[in-house]
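A.B. asks: Attaching a single structure in structure tokens format; questions to follow.
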Amino acid sequence: MTALTLGAAITAGLARALETDDRVLLLGEDIGTLGGVFRVTDGLQKRFGAERVIDAPLAEAGIVGTAVGLALRGYRPVVEIQFDGFVYPAFDQIVCQVAKLHYRTNGRVRMPMVIRIPWAGGVGAAEHHSESPEAYFVHTPGLRVVAPSTPQDAYVMLRQAVASDDPVVFFEPKRLYHSQGEVDPDGDLADAPPMHLARVAREGTDATVVTYGAMVRTALDAALAAEDEGLSLEVVDLRSLSPIDMNTVAASVRKTGRVVVAHEAARTAGIGAELVASITEQCFEYLEAPPLRVTGHDIPYPPAKLEKHHVPDLDRILFAVDRVVEPGTAPSAASAAAIEGGVR
Amino acid sequence: MTMTYTHASPEHGAPERADDVDDVARILQPDGTRVSDPALDRWISDLPPHELRALHRDMVLTRRLDTEGVALQRQGQLALWAPCRGQEAVQVATAHALAAGDLVFPSYREHGVLLARGARPADFVLAWRGEEHSAYDHAALGVAPVQIIIGAQALHATGWAMGAQRDRSTDVAVAYFGDGATSQGDVNEAMVFASSFRAPVVFVCSNNQWAISEPVTVQARHPIAGRAPGFGIPSMRVDGNDALACLAAMRWALDHARRGEGPAFIEAVTYRLGPHTTSDDPTRYRDADEVERWSRRDPLARLEAYLRDAGVLDDSGLAEVARAADAFAAEVRAACIGAVTRDPASVFDHVYAEPHAPLERQRAEYVDYLDGFSR
């Protein structure tokens, strides 16, 4: 085992993928001599050459679209989108081409592509640098979408993503890039839990918090704080957003009977909506309270000085936990009536 | 030698217009008379009669296929058809220049390219009928899945060419698109990537004057071929209704790419004689005179006149090709009408290459639901 940051774990995973399969190519903006704006590809071009670690023109559709062609030629491209908010120019290529080519060719064409995206907020970044676009991709059949939250998962899941014959959108929680953890770089991939399985990050009995990415850390902090108040929270780290491992989620909810779903992406039609619907379908008779969502607001990502009001923190998670533990304390009827009146 | 297109008119020094259809390299005049073009001649000096006849035959078959496609749509057998009448020369002749290892990235109108690459009758109709998205084996045919999204395939071709370059092969990728696609970011990004990486890709723009109802002048003020040199890509503007000019230009472009010199660009100036698709009504946006003018430039009549004059084709040869075309059309019709719609559960097939449990559950639920009707 080695102590690595989450960012360094991805670097190690990329290096291992390049080593083991010469069809693997990296393609992205500034990923060569600079090593990427987050230095995740640091040293890889020097080690594997500019033919395999390719500095691309500044064109996201171009990066993903040429990667489609490389995959058609038999390569396994791993592309880097520099920031979450820069993926939109490539959206057409991802949802219309990458996601559908296997289907529309009856399986004759495979798209073993990984689209790495430094993702989400909390790092005080400029506009367009802190977005949470995961629901767009989760809503797109044909894509797999994953988001590791620990260095070990980042290392293993990156390698699993590269090995997968399906296209994988790989969200890297950028505010965890520098968080450290133990990584087993020599572990056998076959022994690792499959990429699509969720993980119980902490066991508990009173309520379940389901989340993913950097919010796992926040949820674990909330669970520690709740413990001081005598509440035992279970934290489920989804790891995979498409598909979602509902077996693990449902098992936890059936155990605790209460659930809060947390993410920093906007609320409406987000992952939380999908989770709450599925939980309601599968665990209705076990629920002691309506499932609640703690999410970013339905607003464009706010300026950095205000992002703490958008990204759910420990207190907002605990506030929701209180509501599911004591359902009578839901948001007041008075404020709901005021909102209704305003809308009319 | 670089063969770069310049858009300054020799006489006036002023920029030409995008819709100047006569400022093109040409070998066959509209009446079939053979003329000389220094840039094109050397690329087809070796064309034997049997190759000329094969070119003509594939153009006739393409036209017959197109007629059949429109008829099948009108009879309710196809949901839609995108006619290619008038564009047979650029499609068939450029495809005739390809080698077996080359991969074509077509738009939805390139029936002649597919035909020249050896597509089976079913390959033309199953998608338009709504049976399958992409019926043919792209690797066996040397044709990537037909692209509907405008211009997206230019990037795929470029990426594939980058792979071919990495493989140290002499394979070339060919992206076909229309004049409308040149407005798309993907086509422009493809030219940036292709030029920067010297990827062996040939861009063939079939400028058929209309992107549904929008004339080429909405896409381009100056001739489209004039853009490529700005990307560092040599280009040619040829008469797209002149099969020999198209063949020659394509041989030049492929040779350029195969020699490791990077991408090349061809603007083939042609005309869509029919509607954009069978759902379109071109009488709303263009006048009959224009169609009549272009009918007099018909690529098939032009080639036939030349081949008769050159003694390569006679009445009996033409009759034989006509019979072959009818037989081919009958096969296309049979493949269309005989198509068997797949099992309902197959809508869930191939969404993923690897098992996906929630989707498998959805399939099981739906199959169970359907089975409920037969219990």
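A.B. asks: When the dipole is taken about the Cα centre of segment B:13-94, and only Lys, Arg (+1) and Asp, Glu (-1) are charged at their Cβ, what size is it in debye, to the nearest 20?
C.D. replies: Value, rounded to 20: 440 debye.
A.B. asks: Next question. Report, by chain and number, residues whose modeled amide H sits under 5 Å from the one on A:VAL169, excluding near sequence neighbours (fewer than 5 apart, same chain).
C.D. replies: Amide H to amide H, under 5 Å and 5 or more residues apart or across chains, A:VAL169 pairs with A:ILE115, A:ARG144, A:VAL145, A:VAL146.
A.B. asks: Which trypsin sites (Lys or Arg not before Pro) in segment B:143-215 sit in a loop by DSSP (not H, G, I, E or B) and have at most 12 other Cβ atoms within 10 Å of their own Cβ?
C.D. replies: Passing sites in segment B:143-215 are B:ARG168.
A.B. asks: Sticking with this structure for a sec: Taking amide H positions as placed 1.01 Å from N in the peptide plane, with prolines and chain starts having none, which residues 5 or more places from A:GLY28, or on another chain, fall under 5 Å of its amide H?
C.D. replies: Those qualifying (amide H under 5 Å, at least 5 residues apart or on another chain) are A:ILE54, A:ALA56, A:GLU80.
A.B. asks: Hey, what do the phi angles of segment A:123-129 turn into as Karplus ³J(HN,Hα) couplings, whole Hz, using 6.51/-1.76/1.60 and θ = phi - 60°, x for Gly and Pro?
C.D. replies: These are the phi-based 3J(HN,Hα) values: 10, x, 8, 6, 3, 6, 10 Hz.
A.B. asks: Now for a separate question. Among A:GLY32, B:PRO223, A:GLY85, which residue has its Cα positioned farthest towards the positive end of the charge dipole of the protein assembly as shown, with +1 placed on the Cβ of Lys and Arg, -1 on the Cβ of Asp and Glu, and the dipole taken about the Cα centre?
C.D. replies: B:PRO223
A.B. asks: Here's something else I'd like to know. Straight distance only, please: which lysines reach the Cα of A:LYS308 with their own Cα at less than 22 Å, same-chain residues fewer than 8 apart left out?
C.D. replies: A:LYS174
A.B. asks: Given a 1.4 Å probe and no ligands, DNA or RNA in the count, how much accessible surface is buried by A and B, both sides, to the nearest 100 Å²?
C.D. replies: Roughly 3700 Å².
A.B. asks: Hey, another quick one. Amide H of A:VAL210: which non-local residues (sequence gap of 5 or more, or other chain) have their own amide H closer than 5 Å, using H built in the peptide plane?
C.D. replies: A:VAL236, A:VAL260, A:VAL261, A:ALA262
A.B. asks: A further question follows. How would you classify segment A:2-191 from its alpha-carbon gyration tensor, with a ≥ b ≥ c the square roots of the eigenvalues: rounded for a/c under 1.5, else prolate if a/b is greater than b/c, otherwise oblate?
C.D. replies: rounded
A.B. asks: Could you check what % of the DSSP bridge pairs in chain A are antiparallel, to the nearest 5?
C.D. replies: 20
A.B. asks: Could you check what % of the DSSP bridge pairs in the protein assembly as shown are antiparallel, to the nearest 5?
C.D. replies: Expressed as a percentage, antiparallel bridges in the protein assembly as shown total about 20.
A.B. asks: Okay, moving on. Taking θ as phi - 60°, what are the ³J(HN,Hα) couplings along segment A:193-205 by the Karplus curve (6.51, -1.76, 1.60), each to the nearest whole Hz, with x for Gly and Pro?
C.D. replies: Ordered by residue, 3J(HN,Hα) equals x, x, 4, 8, 8, 7, 9, 7, 6, 7, 8, x, 10 Hz.
A.B. asks: Still on this structure: For segment A:172-182, just list the computed ³J(HN,Hα) in residue order, Karplus coefficients 6.51, -1.76 and 1.60, θ = phi - 60°, integers in Hz, with x standing in for Gly and Pro.
C.D. replies: These are the phi-based 3J(HN,Hα) values: 10, x, 5, 7, 9, 3, 9, 7, 9, x, 7 Hz.
A.B. asks: For segment A:3-52 and segment B:338-375, what is the separation of their C-alpha centers, rounded to whole Å?
C.D. replies: 40
A.B. asks: Further, regarding this structure: Let me have the relative contact order for chain A, percent, based on Cα pairs under 8 Å that are six or more residues apart.
C.D. replies: 15
A.B. asks: May I ask you to derive the FRET efficiency for B:ALA330 and B:ASP368 from their Cβ-Cβ distance with R0 = 45 Å, giving the value to the nearest 0.05?
C.D. replies: For R0 = 45 Å, the calculated efficiency reads 0.60.
A.B. asks: Which one, A:HIS139, A:HIS309, A:HIS196, has the greatest fluctuation when you compute a Gaussian network model over chain A with C-alpha springs under 10 angstrom?
C.D. replies: For chain A, modelled as a Gaussian network with Cα springs under 10 Å, the answer is A:HIS309.
A.B. asks: Find, among the trypsin sites (Lys or Arg not before Pro) in segment B:307-345, those assigned to loop by DSSP (not H, G, I, E, B) with at most 16 other beta-carbon atoms within 10 angstrom.
C.D. replies: Numbers: sites: B:ARG308, B:ARG323, B:ARG333, B:ARG342; in loops: B:ARG342.
Of the trypsin sites (Lys or Arg not before Pro), the ones in loops of segment B:307-345 whose Cβ has at most 16 other Cβ atoms within 10 Å are B:ARG342.
A.B. asks: Something else now. Tell me the label-point distance for the pair B:VAL35, A:ARG47, using the 7 Å Cα-to-Cβ offset, in nm and rounded to one decimal.
C.D. replies: If labels sit at B:VAL35 and A:ARG47, their model points lie 6.2 nm apart.
A.B. asks: Here's a follow-up. Above 35 Å lies some portion of the pair distances; for the protein assembly as shown, what is it as a whole percent of all C-alpha pairs? Display every interim value, and only then the final one.
C.D. replies: Working: 132691 of 258121 pairs.
For the protein assembly as shown, the fraction of Cα-Cα distances above 35 Å is 51 percent.
The values are calculated or read from the model by the stated rules, or taken from the named source; none is laboratory data. Note that the coordinates shown come from a computational prediction; the quantities given were computed from them, not determined experimentally. Backbone-built Cβ (ideal geometry, glycine too); neighbour counts: all protein chains shown. In case anyone asks, the SASA skips ligands and DNA or RNA and just uses the protein heavy atoms, side chains included. Shrake-Rupley method; radii C 1.70, N 1.55, O 1.52, S 1.80 Å.
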